[in-house]
Amino acid sequence: MIVTDYQLQKISLGFRRPWRTAAAEFRVREGWLLTLRAGDCVGVGECTPLVEFGGPEDVASAQQALKAACAWLMEQSVPEPVAALERWLDECEALHERPASRHAVECALLDLIAQAEGVPLRRILGEQPRTTVPVNALLTAQSAAELATEGRAALAAGFTTVKVKVGVGPLELDVERLGALRAAVGPDLRIRVDANGAWSANEAMMHLRALAPVGLELCEQPVPAADLDALEAVRRAGICPIAADEALVTGGLMLPTTKADVLVLRPMVLGGLLRTVRLGWEAQRSGLRVFVASSLEGPVGRAAAAHAAAALPDCGLAHGLATGALFLDEPPSWLTPVRGEIRFDDGGGLGSEEGRAA
Ligand SMILES: [Mg+2]
């Protein structure tokens, strides 16, 4: 396969309302939509760097990297089989230390390859991909009463897992918010919290003990990303399962299994779908559980992450892919969760509207 042309289109995703986490307040997300053409087919990939995660890439440097990478790949033919693609992309210097750019290039190539083979993208990531993946609802309200209302709505919509950001305000507020949520949704809905590195190890243990009566499924990134000893200390306290998220960027892609119970795999942050699926299998073989999450990106990036999630074995955790509701102008599509699941259609490639329209 030879790529003959490419296009870069700026993406700007506005949030419905400013969204606060312990690490940042989000109002808009910016990035690039990459379109690659080979013969009659077009493949798409999204590059939306998550600067707030401490990655090495911003929107301007990503544009330079994508242009250089596209010039590089138009000089040669894309290798087959897909298993060779990861190593081939390692040779592209423009994509070194540019995980979101690499993700876009790889995704557009995988989209082209899957279309050429007439199969959905997830079929070239895994032999027996799932046809549905469970996803968690993301609850964003700050006040206890509004959070309870949001939780009831998620339960009524069929979600079995919800996620709440914590550590933004004082401990008492989180205890009140999470208590009101649990009282509103009953005992069965799984409640996941994410502190985005807000706490020291001691603070994390204090907060998680205070929240323990709520019954937490897990806590993402209780302590700063770079402090793997603190992560391990919180995990050893055994209050609830601990998930490493930002720590995967700063602590190396494969953490020692003593550091966390769960890994959050973000293809945009890790640098591609092939790497995400490979890491997911490795982690599960070593006894860790994993789930795939989007990185607050648009429908193309989220579709890609959903295909990666479908290629991994089910380990009982909902994936973080129901983030479309955060954004203005999100069109309904197969990515819109139904009864707490994303249900794939059988279309070839990525199955994104952007790709079909290009
Ligand atoms: Mg997180």
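List the residues, sorted by chain then number, that are 5 or more residues from V292 or on another chain and whose placed amide H is less than 5 Å from its amide H.
L265, G320
Loop only by DSSP, 13 or fewer other Cβ within 10 Å of the Cβ. Give me the GluC sites (Glu not before Pro) in region 117-182 that pass, ordered by residue number. Let's see the in-between values first.
Numbers: sites: E117, E127, E146, E150, E172, E176; in loops: E127.
Qualifying residues, ordered by number: E127.
In percent, how large is the relative contact order of region 5-118, given Cα pairs closer than 8 Å and 6 or more residues apart?
Once normalised by length, the contact order is 27 percent.
Run the numbers on the chain and let me know its relative contact order in percent, using alpha-carbon pairs under 8 Å that are six or more apart.
Value for the chain: 21 percent.
Ranked highest first by the average count of other Cβ atoms within 10 Å around their residues, in what order do 257-268, 60-71 fall?
Result, highest mean Cβ count within 10 Å first: 257-268, 60-71.
In whole Hz, with x marking every Gly and Pro, tabulate ³J(HN,Hα) for region 124-129 from phi via Karplus 6.51 cos²θ - 1.76 cosθ + 1.60, θ = phi - 60°.
8, 9, x, 6, 10, x
Output the 0 to 90 degree angle, nearest 10, between the alpha-carbon long axis of helix 201-211 and the longest principal axis computed from the alpha carbons of the chain.
70
On a 0 to 90 degree scale, rounded to 10, what angle separates helix 59-73 from the longest Cα axis of the chain?
For helix 59-73, the angle is close to 40 degrees.
Below 17 Å, Cα to Cα, which lysines can K67 reach? Residues fewer than 8 away in the same chain don't count.
Qualifying lysines at Cα under 17 Å: K10.
Under the 0.36 nm per residue contour assumption, what length would be gained going from the current alpha-carbon distance of A157 and E80 to full extension?
Taking 0.36 nm per residue and subtracting the Cα distance, the gain is 23.5 nm.
For region 260-358, which trypsin sites (Lys or Arg not before Pro) are in a loop by DSSP, counting at most 10 other Cβ atoms within 10 Å?
For trypsin sites (Lys or Arg not before Pro) across region 260-358 that sit outside H, G, I, E and B with at most 10 neighbouring Cβ atoms in 10 Å, the list is empty.
How tilted is helix 228-237 with respect to the longest principal axis of the chain? Cα atoms for both, answer in degrees (0 to 90, nearest 10).
50
Given R₀ = 30 Å, FRET efficiency for A226-S61 by Cβ-Cβ distance, to 0.05? Walk me through the numbers before you get to the answer.
Numbers: r = 22 Å, r/R0 = 0.73.
Efficiency, rounded to the nearest 0.05: 0.85.
Enumerate the calculated ³J(HN,Hα) couplings along region 239-248 in order (Karplus 6.51 cos²θ - 1.76 cosθ + 1.60, θ = phi - 60°), each rounded to whole Hz, writing x wherever the residue is Gly or Pro.
Karplus values, whole Hz, x for Gly and Pro: 7, 7, x, 10, 10, 8, 10, 4, 4, 5.
What distance in nm separates the two pseudo spin-label positions at A183 and A68, each 7 Å out from Cα along the beta-carbon direction?
With each label placed 7 Å out from Cα toward Cβ, I get 5.7 nm.
Once amide H atoms are placed 1.01 Å from N in the peptide plane, what residues at a sequence separation of 5 or more from L350, or on another chain, have their amide H within under 5 Å of its amide H?
Excluding prolines and chain starts, which carry no amide H, the hits are L121.
Check which residues have an amide H placed less than 5 Å from V135's amide H, if you skip close sequence neighbours.
H319, E341, I342
Within region 209-237, which residues have the backbone N less than 15 Å from the label spot 7 Å out from A24 along Cα→beta-carbon, could you tell me?
Residues 225 fall inside that zone.
In a GNM of the chain with a 10 Å cut-off on Cα contacts, which of E46, E232, E75 has the highest mean-square fluctuation?
For the chain, modelled as a Gaussian network with Cα springs under 10 Å, the answer is E75.
Excluding D314 itself, what net charge comes from residues whose Cβ is under 14 Å from its Cβ, given Lys and Arg +1 and Asp and Glu -1?
Neighbour charge sum, excluding D314 itself: +2.
Counting only C-alpha contacts under 8 Å and six or more residues apart, can you give the relative contact order of region 137-288 as a whole percent? Each step should come with its number before you reach the end.
Values: 257 pairs, mean separation 24.8, N = 152.
Once divided by the residue count of region 137-288, the mean separation gives 16 percent.
Rounded, prolate or oblate for region 124-357? Axes are the square roots of the Cα gyration tensor eigenvalues, ordered a ≥ b ≥ c, and the cut-off for rounded is a/c under 1.5.
Since a/c reaches 1.5 but b/c is at least a/b, the shape of region 124-357 is classed as oblate.
Where a number appears in this text, it was derived from the coordinates with a stated rule and is not lab data. Keep in mind the model is a prediction, meaning the values are calculated, not measured. Backbone-built Cβ (ideal geometry, glycine too); neighbour counts: all protein chains shown.
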